[in-house]
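Here, each number is a calculation from the coordinates, and none is a lab measurement. Bear in mind the structure is a predicted one, so any value in this text is a computation, not a measurement. Positions of Cβ are backbone-derived with ideal geometry, glycine not excepted, and every protein chain shown enters the neighbour counts.
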Amino acid sequence: MNNKLYGKLIFELSQPGSKGYSLPKNQFGDYTLPQEMRRTADANLPECDEMTVVRHYTNLSGNNFGVDNGFYPLGSCTMKYNPAINEETAALKAFAALHPLQPAETCQGALAVYYGLQKSLAALTGLSEFTLNPFAGAHGELTGLMIIRAYHESRGDKQRVKVIVPDSAHGTNPASAAVCGLEIVEVKSKKDGRVDVDDLKNLLDDTVAAMMMTNPNTLGLFETEIPEITRLVHECGGLMYYDGANLNPMLGACRPGDMGFDVMHINLHKTFSTPHGGGGPGSGPVGVRAGLEQFLPRPHVVKDGETYRIEKEAGSNTPIHVGAFFGNFGVIIKAYTYILTLGKENIKMVGPLATLNANYIKECLKDVYELPIDGLCKHEFVFDGLKDKSTGITTMDVAKRLLDYGYHAPTIYFPLLFHESMMIEPTESESKKTIDGFINVLRTIAQEAIEQPETVHGAPHHTPIGRVDDVLAAKNPILTYKD
Ligand SMILES: *Cc1c(COP(=O)(O)O)cnc(C)c1O
């Protein structure tokens, strides 16, 4: 085992008198802090030399698992390869050193990027106009619902307070509706995992503001009845909201705008490659169909002839303000770089390849893992644990054992429709060789579950930290150092 990984805390490495800095010579004379502002005891800071600090943090970073270290089959989260050129572009001084209040004529290049992405997203989704202001998918959902509410209010349609959300939806959907002050109504899924249109019919009346849909849905299934669903919801005066957090499978296959959706968000950090493990940074642009543009938040970038301009004020009936300034510009640059790097033709391969990779894994493993919903999936699919339930080995055990083999675990125990959910999404950016390696390991673990279940149950054995008590960790987190 790698000893290096068991590094001590920086406090334990502290040696009194060690220094990791050198300050320039004082040119300003002495200044004494007033007595009442001084500490009575020294701060408990570690004292380490420079090399100790460098090694400590470099070794710590080695304990992380990232998509640059290994395969990351994280369903519903699209952890795909993030090419380094994205980072290089975002770090260009001409972008990184901009001030958000800078006059438009001094940052035409940055505004061209911003405008270019607004337009690219519109073209990729078949919608009319996008705002890049929201900072994450959930923030995009909230913005989208506020747009929908503003639309209904502009028509004097104030009794529309309900949002219909499928039972398979990502948790942020009902949460965003609640934050927006709307009522959540759940629509059931059928046995095949898709929205139950008959159940939906019972929920439709003139209090419905919108229906939120994720497509392919959280089970990785294409919602085949969208034309009927959009017709029904529109007929009762509601709008259709598309959760496009995972747009991977759609790129090059079909467009939400063409399917009758009115408002959608995209997670740039998922579909358009920004590393987003550990909570950020994100960006959740929101797009609307023609006729709803005036409800988009400002600022918005527009083009007059060859000049880019920042539109700050919205039309008179737009009450929406989202966040500060222009959103997460770094993520916006990375997404635009990714789109331009792939180009118009290659970006059409994203959807088909993401779909092919997911189906390949599913078909290669469905004899040993329980596949509750058979048939073609899109970018992701769900197993309901191991097929052989007699071993007592759970999805949690399999996920932990995967870590021993150098793979990140998939999303587990979500969606809630099955007891032992294991949601796998390979993305389009992995090679067949990598995917075959992953399949082999999952087969090996299935074998181990029968032959040596205690090994699987006690996993992980080869990570810096073994199996943690996650309930205790959540209930009683120890977040500060105590000696
Ligand atoms: C990730 C995800 C979200 C939420 O996006 P955040 O950026 O994490 O707020 C919403 N819906 C779906 C389907 C997702 O996968």
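Between amide H atoms placed 1.01 Å from N, distances below 5 Å from Ile184 occur with Val163, all of them 5 or more places distant or on a separate chain. Ellipsoid semi-axes for the chain, based on the Cα gyration tensor and the rule √(5λ), read 40, 35, 22 Å when sorted largest first. A crude spin-label estimate for the pair Phe11 and Glu228, with each label 7 Å from Cα along the Cβ direction, gives 6.2 nm.
Applying the criteria of a DSSP loop state and at most 14 other Cβ atoms within 10 Å to the trypsin sites (Lys or Arg not before Pro) of the range 435-483 yields Lys482.
When both bridge partners sit in the chain, DSSP labels roughly 55% of those beta bridges antiparallel.
FRET efficiency for the pair Val53 and Thr207, taken as 1/(1 + (r/R0)^6) with r the Cβ-Cβ distance and R0 = 56 Å, rounds to 0.40.
The length gained on full extension between Ala41 and Thr434, counted as 0.36 nm times the residue separation minus their Cα-Cα distance, comes to 135.9 nm.
Ordering Cys377, Cys236, Cys48 from the fewest to the most neighbouring beta carbons within 10 Å gives Cys236, Cys48, Cys377. As a calculated quantity, the FRET efficiency between Leu472 and Asn346 at R0 = 56 Å, using C-beta atoms, amounts to about 0.75. Could you work out the percent of alpha carbon pairs in the range 1-141 separated by over 24 Å, rounded to a whole number? Within the range 1-141, distances greater than 24 Å cover 66 percent of Cα pairs.
Using a 10 angstrom Cβ neighbour count of at most 13 plus a DSSP loop assignment to flag exposed GluC sites (Glu not before Pro), which longest range of the chain is free of such sites? Walk me through the intermediate numbers first.
Working: sites that count: Glu12, Glu306, Glu313.
Result, exposed sites excluded: 13-305.
When the alpha carbon gyration tensor of the range 189-312 is reduced to an equivalent ellipsoid, the three semi-axes, largest first, read 29, 21, 13 Å. With both labels modelled 7 Å from their Cα along Cα-to-Cβ, the Glu363 to Asp192 distance reads 2.0 nm. Once the other residues with Cβ under 14 Å from the Cβ of Lys366 are scored (Lys, Arg +1; Asp, Glu -1), what is the net sum? Value of the local net charge: -3.
How would Lys158, Lys25, Lys334 line up from fewest to most surrounding beta-carbon atoms within 10 angstrom? Please list the in-between numbers first.
Working: Lys158 9, Lys25 4, Lys334 27.
The order, fewest Cβ neighbours first, is Lys25, Lys158, Lys334.
For every other residue with a beta carbon closer than 12 angstrom to the beta carbon of Gln294, add +1 if it is Lys or Arg and -1 if Asp or Glu, then tell me the sum.
Working: positive: Arg298; negative: Glu129, Glu293, Glu311, Glu313.
Net local charge, Gln294 excluded: -3.
Compute the signed sum of charges (Lys and Arg +1, Asp and Glu -1) over the other residues within less than 12 Å, Cβ to Cβ, of Leu111. Around Leu111, the charge tally is -2. Note that the range 218-233 has calculated 3J(HN,Hα) couplings of 5, 8, x, 9, 6, 7, 6, 9, 4, x, 5, 5, 5, 4, 5, 5 Hz, one per residue in order, obtained from phi through the Karplus relation 6.51 cos²θ - 1.76 cosθ + 1.60 (θ = phi - 60°); glycine and proline are x.
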